[in-house]
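Take a look at the structure below.
Just so it is clear, none of the values below were taken in a lab; they were calculated from the coordinates. These numbers come from a predicted model, not from an experiment. Note that each Cβ is placed from the backbone with ideal geometry, even for glycine, and that neighbours are counted across all protein chains shown.
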Amino acid sequence: MLPSIIGALACFVASVLGNEETSTGQAAYTEDRCVGINAISPYCPTREAAYSRDFFYIGGRYQLNAALKQNILVDQMYVEKLTPLGGATKPYPIVLFTAGVPSGAAWLNTPDNRGGWASYFIKKRYQVYIVDQTGMGRGSQNKLDAWPLKLSTTDIITRNAYTAPEIIDPYPQSQNHTQWPGNGTKGDPIFDAFMASFLPITTNLTIQELTMRTDGCALLNLIGPSFTISHSIGSTYPILISDECPQLVMGSVNLEPGNTPFQSYVGNSTVPAVGRSSARPYGLTTTPLTYVPAISNSTELGAITVGNDTAALRSCMLQSSPAHQLPNIAKVPYALVTGSASPHITYDHCMVDFLTQAGVSPDWIKLGDLGIEGNGHFLFLEKNNLEIAAVVHRWIKNQTIASFDGGKKTGWSRTATT
């Protein structure tokens, strides 16, 4: 509260002084100038909720560095703990996962300095944890040969797929994209701030998934049953955690999950905005999941192409019938959130169909059906981000536990999400 009061007073002083320099020699900032990097000025108010902050690492193991003949610690996961002033009052924490590009810092505030989802849930009195997954950001690893890195994006890829797909019109729904702040192109201060947040990503998805499975469950064992909220390829990790320790996941909210079954529809430098390439041999993951009947090889899932492939509605890859089930993942309530103008509106039905086929009962929240229009892939950073956060919060509140038996969920009372 105090920083907000100070910020408000500073803005009042700035409004009186206009563009004159203050007694400190710094230019006074008016509200409209507190955008992007300019928001770091002490004359700009904070949009974040008041909280206390702690951080820690979880998991990891010592491994001998052969060259030095000394040990290094590897496979650890970074966790940031945000506690509302006065303490949390909600019974279950919220754990936030990004795709790693940008890091977990993306949950704090938006590229144009509006309040982020961390602040939204802190104001609702939740204990909030932000994760940087293994191998990325503050979870970077010293075992360089096991954790190689690659370029995550370019200005063109970001513009075409995330911030301004309407410019190149790669799918019909792109023309409805209106919610990105700014014009979504290089040189715009909001776009430039967004680009500055992108980090290199690891190419070793196998070791990343294995460590996120173990470290993720170690975190939930430490903090107790929690809700997870994830975005894009970051939605892989709640799947792994739900498979490993479903009794600790109260519910899984997935914003435009990037772990589409068997395929990646993400574009690249030569295929703008939308593409198609093989990925995730185990359907939702690169590494094995607990299928029933059990499988010894991913080929036993018998992936087949289903449906016609058009720009507006992509074909899917599903299991052959009879489909193997995912009983552990099915124990966890799963929500999928899709923006009406995102590339995901053309293929998120594939995720819904795959999960349903595997015995999971997903709730597909299409924002357009709720009258929330114009959102692209990074919807949690767009102009109406807090309106979408409220939709997610409503779903979380509707997941109520029926009973516990030895610390395990024995039943759920689930209500409508609208």
Please turn the phi angles of region 284-300 into ³J(HN,Hα) values with the Karplus equation 6.51 cos²θ - 1.76 cosθ + 1.60 (θ = phi - 60°), one per residue in order, whole Hz, x for glycine and proline.
9, 9, 7, 9, x, 10, 7, 8, 10, x, 5, 10, 9, 8, 4, 5, 5
For SER103, SER197, what's the fewest-to-most ordering of other Cβ within 10 Å of each Cβ?
SER197, SER103
Region 79-153 and region 330-405 have their Cα centres apart by a whole-number Å value of 19
Packing-wise, with mean Cβ within 10 Å as the measure, how do 330-338, 313-321, 35-43 rank, highest first?
330-338, 313-321, 35-43
Work out the length of the dipole vector of the chain about its Cα centre, built from +1 on the beta-carbon of each Lys and Arg and -1 on the beta-carbon of each Asp and Glu, and round it to the nearest 20 debye.
960
Of the listed peptides 117-127, 53-63, 183-193, what is their order by residue-averaged count of other C-beta atoms within 10 Å, with the highest listed first?
117-127, 183-193, 53-63
Starting from 0.36 nm per residue, how many nanometres of slack lie between SER278 and THR206 once their C-alpha separation is accounted for?
24.4 nm
Work out which helices of the chain, taken as complete DSSP H runs, extend at least 20 Å along their axis over the Cα atoms and score a mean Kyte-Doolittle of -0.5 or more, then list them.
2-17, 205-223
For THR185 and VAL292, compute 0.36 nm times the residue count separating them, minus their Cα-Cα distance, and round to one decimal in nm.
33.8 nm
Two-site label geometry, ALA390 and SER264: point separation in nm, points 7 Å out along Cα→Cβ
3.7
Give me the extension gain from ASP32 to ARG125: residue separation times 0.36 nm, minus the current Cα-Cα distance, reported in nm with one decimal.
30.5 nm
Obtain the nm distance between the two label points defined at ASN71 and SER315 by a simple spin-label model: each point lies 7 Å from its Cα along the Cα-to-C-beta direction.
5.3
Taking a ≥ b ≥ c as the square roots of the Cα gyration tensor eigenvalues, with a/c under 1.5 meaning rounded and otherwise prolate when a/b beats b/c or oblate if not, region 51-414 comes out rounded
If you take the beta carbon distance between ARG61 and SER41 as r and set R0 to 35 Å, what does 1/(1 + (r/R0)^6) give as a FRET efficiency, to the nearest 0.05?
0.20
Region 177-267 shape via C-alpha gyration tensor axes, a/c threshold 1.5:
prolate
The FRET efficiency for ASN308 and ILE167, from their Cβ-Cβ distance with R0 = 35 Å and rounded to 0.05, is 0.85
Packing-based order for 339-348, 134-143, using average beta carbon neighbours within 10 Å, highest first
339-348, 134-143
Test of understanding: ordering SER174, SER152 by Cβ neighbours within 10 Å, fewest first, what list do you get?
SER152, SER174
Report the FRET efficiency, 1/(1 + (r/R0)^6), for ALA196 and LYS90, where r is their Cβ-Cβ distance and R0 is 41 Å, rounded to 0.05.
0.80
Mind giving me the nanometre distance, one decimal, between the label points for ASP369 and LYS150, set 7 Å out from Cα along Cα→Cβ?
3.5
